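So the structure is just underneath, and the comments pick up after that.
The values are calculated or read from the model by the stated rules, or taken from the named source; none is laboratory data. It should be emphasised that the depicted structure is a prediction, and the values quoted were computed from it without experimental measurement. Reconstructed Cβ throughout: ideal geometry from the backbone, glycine too, with neighbour counts over all protein chains shown.
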Amino acid sequence: MTARSRRAAWKYVRGLAPPVLVLAALVGWLGYALYTRVEWWQEADEYNLREWLNEARVFRKTLPELVREYLECRTPDEAEGKAHEIRAHLQALGHPTRMYQGQLPLFPDVYRLEVKLADRVPAPAQPLVWDSEVPRLSQVRSMEYPLLGKDDDRARLVVVYQLHAYNKLQRDENQRQKVMLVVTVLGAAAAVLAGLWVYFFLKRERHRELQRLLTQQHIEHAERQALENELKRQEAERRHEETERTLLEQRLATQAAEQQALELKSQLYASIGIMAGSYAHNIKNLLVRPNDLLSRCLEADGLSGDQHHMLAEVRQTLGTVTERLQQILRTVRRDPTRAEVTRLDLNALLRDTHRTWEDLAREKWKLTLSLEAVEGPLWVRGDVSHLQQAVENLLFNARDATFEMRNHLRDQARHAPVTDAARRRQALIDAAAWKGSVMLRTRRQGGQAVLEVQDNGIGMTEEVRRRCTETHFSTKRDNALHEGNTTGMGLGLSFVVVILEHHQATLEIESEPLRGALFRARFPLAEE
């Protein structure tokens, strides 16, 4: 069924609904009236019968009075006597019913009378029942009601009876004839009204259909012109939507990239805070015992001058370490975007770094830490603490690369296809004697200050070089450990990138496998 046919059908349904609803309402009302009338007749009949049973006096007392006296009896003999009177009263009420035809308007035949006592009331030896010996006919009715009042349920009267008087049958027949006459008249009037309604409705719909057909021809021509204009407008909208979709895709891509960058920075800051807290806790625990031992040694007697001088120098070094620890904590706890920017000498910062780590690099790391600084101060603007941490991260990264290079040379010598034991041993000795080298270098280039950290370590493949600054990306192995400090968390270079970004500096990386790496940072020069 098409939409047009559905609309037409719905229109006819709406037009014919009022007469149909009127007929349905009329039939429902008549049915309800008949049902109510029958119920009212039955209630009237039952009311008359109850009134006769309650008011009839056989022993100058009514049945409710006799039952109340029975309930008030205090001795069994007295109660049995009252029960006998109640049974006699029931017999007198039911058996000679036709003796009271002048009192009863309906002339009932009573077949059974029974007084039911509640469970809490003492029952007589024999039930309070009277049954008629007359055979029961069809259409027998049963009625039960409280005998002592609506609110007193100690005694209930059960009556089985039949109404068969001639005046009732005649009355019912007259009522039925009247009801049928009223129903016929109302039904005919409703049918005539419904027919008139349908006739005028169909006539009006035919007129409307003709008007619609006449106007449809005028509308179709206007619709064709409107359709052509609509096609042109849709084409223009399509082009506009394509342009907006392209712009939206570009905007979403930009937002996604910005969101990813913010998430990476947030992860980086959180990881740096966790790492710094762990480092600070471990360093503080490690410094307690050496300071205590140094204090005891300095207080002991018998130390030579050189020994006392060396212990004092160790104490001074531990103090420097503690001071550096506090500086590191202040640095990592501060958001890099809120750096304390000052005018500083990049050469002085590198000389300080070189002086701090040179001895440790030579004695523990087994590498040569060199410095080539341009003559004169190299002024840049930045945060001393942040830049110092960035340079040290590059230094530690170069140190780990030399560790991995030494391990690679050892593994290569150990697994080399050499059958001569002496040559294998010599190869292992050469691998162990290999020495790492890290160069710190500064220079001027145009309007920029260039800082370079170069090593002769393990180097990087092209893929590793492109991804090495990603947060949590690391290729360092478990043997790249030094003095209990774990590496390989993938945070060092990403932290350096964040620091350089907030100093308007860039980072360049040059590296090849087994040929070392060069990290170059370019800073804008500060005005002198």
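Let's see how each residue does on (1) of a type in the set (D, E, K, R); (2) surrounded by fewer than 10 Cβ atoms within 10 Å (Cβ to Cβ); (3) farther than 25 Å from Arg4 by Cβ:
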site: Ala226; (1), (2), (3): no, no, no
site: Glu230; (1), (2), (3): yes, no, no
site: Thr246; (1), (2), (3): no, no, yes
site: Arg251; (1), (2), (3): yes, no, yes
* Asked: Just a yes or no: is a residue in the range 432-442 under 25 Å from Glu358 (Cα atoms), part of a loop (DSSP other than H, G, I, E, B) and in the same structural domain as Glu375 (by TED's automatic domain parsing)?
  -> yes
* **Residue check, Leu371 in a strand (DSSP E or B) and under 15 Å from Leu518 (Cα atoms)** => yes
* Asked: Is at least one residue of the range 182-190 farther than 30 Å from Ala79 by Cα, modelled with pLDDT under 80 and out of contact with any helix residue (DSSP H, G or I) (no Cβ under 6 Å at 6 or more places or on another chain)?
  -> yes
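For the range 108-130, give me each residue that is closer than 20 Å to Gly94 by Cα and of a type in the set (Asp, Glu).
Asp109, Glu114
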* Scanning for something of a type in the set (D, E, K, R) and either touching a His at 6+ places or on another chain (Cβ under 6 Å) or buried (at least 19 other Cβ atoms within 10 Å of the Cβ) (or both), does the range 369-389 turn up at least one residue? -> yes
* Within the set of pairs 6+ apart or on separate chains, which have a first residue in the range 185-203 that is at positive phi and free of Cβ contacts under 8 Å to residues at least 40 places away in the same chain, a second that is part of a helix (DSSP H, G or I) and surrounded by 14 or more Cβ atoms within 10 Å (Cβ to Cβ), and C-beta atoms under 8 Å apart? -> none
* Structure fact -> By residue number, the members of the range 49-95 that are out of contact with any Asp or Glu (no Cβ under 7 Å at 6 or more places or on another chain), among the aliphatic types (A, V, I, L, M) and part of a helix (DSSP H, G or I) are Leu49, Leu53, Leu63, Val67, Leu71, Ala79, Ala83, Ile86, Ala88, Leu90, Ala92, Leu93
* Asked: Given the range 119-163, what strands (runs of 3 or more DSSP E) lie entirely inside it while holding 3 or more residues that are surrounded by fewer than 16 Cβ atoms within 10 Å (Cβ to Cβ) and without any contact (Cβ under 8 Å) to a residue 40 or more places away in the chain?
  -> 141-146
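This table checks each residue for (1) modelled with pLDDT of 90 or more; (2) surrounded by 15 or more Cβ atoms within 10 Å (Cβ to Cβ); (3) within 20 Å of Ala521 (Cβ to Cβ).
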residue	(1), (2), (3)
Leu346	yes, yes, yes
Leu360	no, no, no
Met405	yes, yes, no
His408	no, yes, no
Ala422	no, no, no
Ala432	no, no, no
Thr442	yes, yes, yes
* Verdict on Glu263 being among the acidic types (Asp, Glu) and either under 21 Å from Phe495 (Cα atoms) or at pLDDT below 65 (or both) -> yes
* Structure fact -> Residue hits (the range 502-528; of a type in the set (D, E, K, R) and modelled with pLDDT of 90 or more) are Glu508, Glu510, Glu512, Arg515, Arg520, Arg522
